[in-house]
Amino acid sequence: MRRDPAEATAVDYGPVENVTVTVRGATFAREAVTDAQGRYQVPNLPTGEVTVSVVPPAGFDMHYLERELELRDLRACSEMDFTISQTGSAWGMVVDASGRPVAGVGVEAVAAELAGFDPPPFQHPARTDDRGVFEFEDLPPGRYVFGVNLTKRPGARQGGEPLFLPGTAVAREATVIEVKQGDREDIGVLRLTDR
């Protein structure tokens with residue numbers, strides 16, 4: 001699956017080859033690798049509780065890829081499908097007007113074409129740590145702008161004027177960052193202004 005940051009729904013790009021699938025039971029572990037059609041097969045498993053986990057290649061989301069299954073009959077087959085999504089990451093730093101790191105700031109990522117239009121949140125903001133550093137670990141590939149107060153949350157009061165990276169209130173002056181599958185982009189420094 002791939003989700004464009006400007007769209008509400010994901011697009012299914014079909015099967016993924018070379019994904020490792022592991023089936024573990026109380027006394028065994030077996031692996032298989034998906035073929036060109038995204039299929040895998042792990043034959044001759046004993047009955048009982050097993051855990052099926054998927055390890056996708058770099059550049060894919062690593063969440064929710066493990067499930068439990070009970071095998072009840074040695075002659076039966078079971079089917080388990082997984083969906084993986086393409087991802088990249090981006091990180092940066094927030095500093096105050098004097099250049100000192102700022103902790104606890106919620107930084108948002110917005111599709112570049114939606115900047116300045118109060119879009120709904122695409123995902124939760126990334127919070128800066130005590131060094132002023134933030135990171136988005138699983139962004140779908142696409143073009144983004146980053147900043148604070150960029151989205152409109154239903155039922156929430158707006159926290160102030162939008163501020164886009166590198167430190168402008170004007171959306172068209174925001175730095176646009178291309179996040180590619182599997183990449184970790186350094187987006188630079190967002191300078192908070194004194195207003």
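Every read-out reported here was derived from the displayed coordinates using simple, explicitly stated rules and does not represent laboratory data. Treat the numbers as computed from the prediction; the structure is a model and nothing was measured. Cβ coordinates were reconstructed from backbone atoms using ideal geometry, including for glycine residues, and neighbour counts include every protein chain displayed.
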- prompt: How many percent of the alpha carbon pairs in the chain exceed a separation of 27 Å?
  reply: 44
field: Fully extended contour minus Cα-Cα distance, from residue 131 to residue 96, at 0.36 nm per residue
entry: 11.4 nm
message: Along its three principal axes, how long is the range 17-71 when you only count alpha carbons? Whole Å, largest extent first please.
response: 33, 22, 14
Most fluctuating residue given options 111, 76, 174, as computed from a GNM of the chain linking Cα atoms under 10 Å: 76
- request: Starting from the Cα of residue 12, step 7 Å along the direction of its Cβ; do the same at residue 33; then give the gap between the two resulting points in nm.
  value: 2.6
task: Run the quick spin-label model on residue 76 and residue 41: label points 7 Å from Cα toward the beta carbon, then report their separation in nm to one decimal.
output: 2.0
message: Give me a comma-separated list of calculated 3J(HN,Hα) values for the range 125-132, in order, Karplus coefficients 6.51, -1.76, 1.60 applied at θ = phi - 60°, integers in Hz, x for any Gly or Pro.
response: x, 8, 8, 6, 8, 5, 9, x
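If packing is taken as the mean number of other Cβ atoms within 10 Å per residue, what is the order of 40-48, 132-140, 180-188, highest first?
Listed from highest to lowest mean packing, they are 132-140, 180-188, 40-48.
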- prompt: How far apart, in nm, are the 7 Å Cα→Cβ label points at residue 58 and residue 189?
  reply: 2.9
